[in-house]
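Have a look at the structure below, then the notes.
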Amino acid sequence: MTAYFLRRLRQSVVLLILVTIVAFGLMHLAPGGPEAVYALSPGMRAEDLQRIRASFGLDQPLPVQYVKWAAGMLTGDWGRSYRDSRPVRDVIFDRIPATLELTVTALAIAIVVGVSLGVLGALRQRSLPDYLATIGAMVALSVPTFWFGLMVIFVFAERLGWIPSGGRETLGADFSLADRLHHLIAPALVLGLVLVATWSRYTRASMIEVVNQDYIRTARAKGLGERRVIWGHAFRNAAGPLVTLAGLQIPFLFSGALVTESVFTWPGMGRLFVDSLGYRDYPVLMGVLVVTALLVIGSNLAADLLVAVVDPRIRFR
Amino acid sequence: MIRHHDDVMRLADQVRAGRLSRREFFARAVAAGFSLTMASSFLAPGRASAAPTRSLARQAEPKKGGQVIVGFSQEPTVFNPLKSTLEVDRGVQYSLFDSLWRIDDKGALIPNLATELPSVENGGIGKDGLSYTFKLRNDAKWHDGQPFTAKDVLFSHAAIMNPDFAAGNRIGHDKITDISAPDDHTVTMKLSEAYAPFLIVWMDTYLIPEHLLKDVKDLNTADFNSIAPVGTGPFKWVERAPGDHITVAANPDYHGEGPYLDKIIFKYVPDLTVFFTQFKTGEIDATGIQGITADNYAEAKTLQGKTIYNAPSPFVEFIYMNFGKPVFQDKAVREAMYAGMDKQNIIDKVYYGLPAPSETYLPEASWAFDPDLPAQKFDVEQAKQTLDAAGWKPGADGIREKDGVKLSFTTSTTAGNKVREQAQQYLQQTWKEAGIDMQINNMPAAVIWGDYYNKSQYDTVMIGLNAGLGADPDGTTRFGSNYIPAQGGGGQNTMQYKNPDLDKLLDAGAKELDQAKRKEIYFKVQQVLRDDLAYLPIFHYVTIEGTKEGLQEYKPSVFVVSNQWNTNVWSWA
């Protein structure tokens, strides 16, 4: 197991380096630059734009820029944002609380609702609830989030006035948990809905495979209660793929939800990435990318290891 | 100027009180040197209030307290006023910082950190226009309690000229050859040449504190820029929640009028639909940049409990043609393009009829605006005749050509700007009727306004900007032959337009200190540009903004880039 782990780790480091080189290259070779935002200001002249570029170090050859960036990363210096000149690490870490607040809530909703629907669907195959859950999942997966989010805002915020139309808290007021939850509920539900679909489909498929196995029949024949058969025997064995799914969604927890965050004015990581992209804020983009790449690679590795723990049929070599 | 204003306003008050007839009012106002439009603006309801220093229209002392949440659809991120001059950053900086004099919504300069406006009469400006003396207030303090002095003025100028500092721009400051402070409240300087926009340059130079920044190693990355700005302004920095909001609180020691509000929160709402919704639900009190979109104007006007402002903006929408491409050097082509532009339809159908058509680069409120330029007429037949006469014959595909060159080019603008995309389609259609082939080639903002625009790689761009120098009509760096970046010149003449006659006029305009004479010069400048069709002007932008009812002294102004310029006098009724 240790040897396997070390081999995977080595591969991961090489992969990470390659990812950064490709990303850095693509980003800088794409046309445009961070000075564009200033180009139309009154009194702006070509030499001013050149000076701004130079202050970012963009006048140097690309390989030099990469080596400088990579050397900085190794020593813990992630560089500074072009947009607000703060250290990239602060810029990114600042967004983590709001991001997790939204994504963890959404994922929790998705798992509870999705798994329940999935198990129900598997046990009552081709029943009305199963059809409804299946159709619901297809609709949820197909509805564009930005449209759905705007509809939720239109109906529940603008027309009914039940929820705020965005933001994380009431500005200018003191902290209140109730106020935070009030702001959180709509974006978390909108984001959770898409995930519910994924979770219920996975659970249903996995459960169907398991409930038709012989040992389930044996368990029932033994006279075990239905609840123990389902949750104690069937679900435990169906959980393998779900653990993998959870592992694959860890990066999402940190990278945030681009569209939901924009629609609901949520100051998370997804918005940071979009804003930085529009501005060509290369250091922040690279920072977000490295964090995301680390999480993807790390969580894949973790998921592979965990599956072996959960599922006794898998062994490492 | 200010005295005149107050007089006219007093007259306007009399009209409202029924003591003076409107006719009498106009006669007196015009005699005092105001245009009819300007005079009528004093009478317009809701527009009657006074310059920031005086409060004639106000009934009682403004009420103290309360907060205003200002929405922005872009995020303000740079709070060092010398580093960024972007509209959205200025929107916050105006509340935190001061300059020597501010500009009010009528275009008058009003002393702020200076005690008086320098002039030749008061000895502040030398007769040759080469020497200046600024007298500073002695009662202004930085937010940390330190006194504001001449050292801060010198330091701010030095920072702008520091080669290692990415200053927003250096215009005007690069003409200062010598600057010094004989005492703590006087600054004197010499210029390399007379420069008329010099006071406007200092109006837009917001000052930063020497005592906090002189020992900072790299001013580009100082915390001051992003999380700890310290100014002399009416509001003090409180906090920034990145991606969400910025809070500033009243500065009780402010040297000027106000502030009356306890705090202002600038809230970032990126989605324009949600932005308008938040205004409707009251989650934002005032719509800052980019205001209310034209398609929502009709609904906005019907909203209860909101005040909607439809005010001119300093921005003009243009088609810029790249004179580096031979096709556009033929004046017949430019004339045909202009005649083939269905301006009114674009304004009515795409912009809901709100903006006024434009023939020049200056906003209508500028003192140098020439109202008598010939009006464009949409006439496809005329366009065809012009091209026929110039030898551009239709080819087999209907596209005209001359000497083997096809009359075919691209028009680019910021991708995703739905309104402009529609306007482009109108142009494409009517130009096609005249045998002009235009292809739409839009790209993201960071691409088009990067090298593509700055190094003149485009055929034509659809662009909205204030081509003057902020509140000054000087257009030298936009239209002067020596200011073409693609040809090694500094400046921003990306059209690569060259006209020696215009160069002479621009040069004379920048050096002439007498405003009446300057006005004549800029009238000629505008006539030359209009006649030669250096660009194709489309319309004057309007800014549609709204506030919750009861927000006092919210005054859209064409002389600033963001309407949060006078937050010191804002208050709730």
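Structural remarks
- The set of residues from segment B:210-253 being within 18 Å of B:SER99 (Cβ to Cβ), open to solvent by less than 20 Å² (accessible area, probe 1.4 Å) and either of a type in the set (Ser, Thr, Tyr) or more than 26 Å from the chain's Cα centre (by Cα) (or both) comprises B:LEU213, B:THR232, B:ASN251.
- Test result for B:ASP253, more than 20 Å from B:GLN146 (Cβ to Cβ) and not polar (S, T, N, Q): no
- Residue match in segment B:497-505 (condition: touching a Phe, Trp or Tyr at 6+ places or on another chain (Cβ under 8 Å), open to solvent by 30 Å² or more (accessible area, probe 1.4 Å) and farther than 30 Å from B:SER119 by Cβ): yes
- Condition met for A:GLY223 (surrounded by fewer than 17 Cβ atoms within 10 Å (Cβ to Cβ) and on the phi > 0 side of the Ramachandran plot): yes
- Verdict on B:VAL447 being among the β-branched types (Val, Ile, Thr) and more than 14 Å from chain A (Cβ to nearest Cβ): no
- Criterion (part of a loop (DSSP other than H, G, I, E, B), over 30 Å from B:ASP472 (Cα atoms) and either within 13 Å of chain B (Cβ to nearest Cβ) or touching a residue at least 40 places away in the same chain (Cβ under 8 Å) (or both)) met by exactly one of A:ASP84, A:ASP77, A:ASP94, A:ASP90: A:ASP77
- Verdict on B:ALA486 being closer than 29 Å to B:ALA415 by Cα, open to solvent by 20 Å² or more (accessible area, probe 1.4 Å) and in the same structural domain as B:PRO326 (by TED's automatic domain parsing): yes
- Figure legend. Inter-residue proximity from segment A:284-298: first residues free of Cβ contacts under 8 Å to residues at least 24 places away in the same chain, second residues open to solvent by less than 30 Å² (accessible area, probe 1.4 Å), beta-carbon distance below 7 Å, spacing 6+ or different chains. No pairs are indicated.
- Per-region count, segment A:151-176, residues among the aliphatic types (A, V, I, L, M), over 24 Å from the mean Cα position of the chain (by Cα) and surrounded by fewer than 16 Cβ atoms within 10 Å (Cβ to Cβ): 3
- Positions within segment B:465-497 being within 14 Å of B:GLY509 (Cα to Cα), among the β-branched types (Val, Ile, Thr) and touching a residue at least 60 places away in the same chain (Cβ under 8 Å), in sequence order: B:THR477
- Selection of segment A:48-74 for residues being aromatic (Phe, Trp, Tyr) and not in a helix (DSSP H, G or I) yields only A:PHE56.
- Taking the listed residues A:TRP147, A:TRP162, the one that is touching a Phe, Trp or Tyr at 6+ places or on another chain (Cβ under 6 Å) and within 14 Å of chain B (Cβ to nearest Cβ) is A:TRP162, with no other qualifying.
- Search result, residues across segment B:139-195 that are open to solvent by less than 70 Å² (accessible area, probe 1.4 Å), part of a loop (DSSP other than H, G, I, E, B) and within 14 Å of chain A (Cβ to nearest Cβ): B:ASN162, B:PHE165, B:ALA166, B:ALA167, B:GLY168, B:ASN169, B:ARG170, B:ILE171, B:GLY172, B:TYR195
- Sole exception among (1) within 14 Å of another protein chain (Cβ to nearest Cβ); (2) more than 20 Å from the chain's Cα centre (by Cα) for A:PRO267, by number: (2)
- B:VAL316 assigned to a strand (DSSP E or B) and under 29 Å from B:VAL350 (Cα atoms): yes
- Identity of the residue in segment B:452-462, away from chain A (no Cβ under 11 Å) and part of a loop (DSSP other than H, G, I, E, B), that ends up surrounded by the most Cβ atoms within 10 Å (Cβ to Cβ): B:TYR458
- Selection status of B:THR494, within 11 Å of another protein chain (Cβ to nearest Cβ) and assigned to a helix (DSSP H, G or I): no
- Residue tally, condition facing chain B (nearest Cβ under 7 Å) and at positive phi, over segment A:43-63: 1
Yes or no, residue by residue, for (1) modelled with pLDDT of 90 or more; (2) open to solvent by 70 Å² or more (accessible area, probe 1.4 Å):
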position: A:ALA106; (1), (2): yes, no
position: A:LEU120; (1), (2): no, yes
position: A:GLN125; (1), (2): no, no
position: A:TYR131; (1), (2): no, yes
position: A:ILE135; (1), (2): no, yes
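- Evaluated against (1) within 11 Å of chain B (Cβ to nearest Cβ); (2) more than 24 Å from B:GLN278 (Cα to Cα); (3) small (Gly, Ala, Ser), A:ALA173 falls short on exactly one condition, (2).
- In segment B:463-474, the count of residues that are among the charged types (D, E, K, R), open to solvent by 30 Å² or more (accessible area, probe 1.4 Å) and out of contact with any Cys (no Cβ under 9 Å at 6 or more places or on another chain) is zero.
The values are calculated or read from the model by the stated rules, or taken from the named source; none is laboratory data. Owing to the predicted nature of the structure, the values given are computational and were not obtained by experimental measurement. We place every Cβ from the backbone using ideal geometry, glycine too, and count neighbours over all the protein chains shown. These area figures cover heavy atoms from the full protein model, side chains too; ligands, DNA and RNA do not enter into them. Shrake-Rupley method; radii C 1.70, N 1.55, O 1.52, S 1.80 Å.
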